[in-house]
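Structure first, then comments.
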Amino acid sequence: MYAEATGMSSSIDTNRVTEVLLSDGWHRVDEGSLTLDLISYREGAADPWLHPETGFIFVEQLPADTHKPGSKITVAGPLASLHAVRMR
């Protein structure tokens, strides 16, 4: 089962997520790299966390039609900006 639904709630296994939908379109997630945790934007490691919130981070392999095909980048942001997921 890809997602487990119980009543009004459902559970998504982040290890099965293959793509995420952000405002600029679908992004391919490297297997097992999607993590949900507290995130905060700050200027340096010694700076205090500013307004921590639940967020996501994952590794994406750039597609062949980019200027660096096959390169990997890290994508992170607030959980509220993740619109949908595709799972295997």
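Observations on the structure shown:
- Debye-sum result for the chain in log10 I(q)/I(0), which assumes one identical scatterer on each alpha carbon, at q = 0.12, 0.15, 0.17, 0.24 Å⁻¹: -0.44, -0.66, -0.81, -1.23
- About the Cα centre, charge dipole magnitude for the chain (Lys/Arg +1, Asp/Glu -1 at Cβ), debye: 200 debye
- Springs between Cα atoms under 10 Å define the GNM used for the chain, and in it the highest mean-square fluctuation of 20, 75, 29 occurs at 75.
- Model label sites at residue 57 and residue 11, defined 7 Å from Cα along the beta-carbon direction, differ in position by 2.5 nm.
- The label-point distance for residue 88 and residue 43, in a model that sets each label 7 Å from Cα toward Cβ, rounds to 4.3 nm.
- The stretch 63-74 - phi-based ³J(HN,Hα) in whole Hz, Karplus 6.51/-1.76/1.60, Gly and Pro as x: x, 4, 8, 9, 6, 9, x, x, 5, 10, 10, 9
- Comparing 22, 50, 38 in a Gaussian network model of the chain where C-alpha atoms under 10 Å apart are linked, the largest mean-square fluctuation is found at 50.
- Between residue 75 and residue 22, the contour length at 0.36 nm per residue exceeds the Cα-Cα span by 18.0 nm.
- Exposure rule at most 14 other beta-carbon atoms within 10 Å, DSSP loop chymotrypsin sites (Phe, Trp or Tyr not before Pro): the chain longest free segment: 3-48
Rule-based calculations on the coordinates, nothing more; no lab input. Since the model is a prediction, treat every value here as computed from it, not as a measurement. Positions of Cβ are generated from backbone atoms using ideal geometry, with glycine treated the same way; all protein chains shown enter the neighbour counts.
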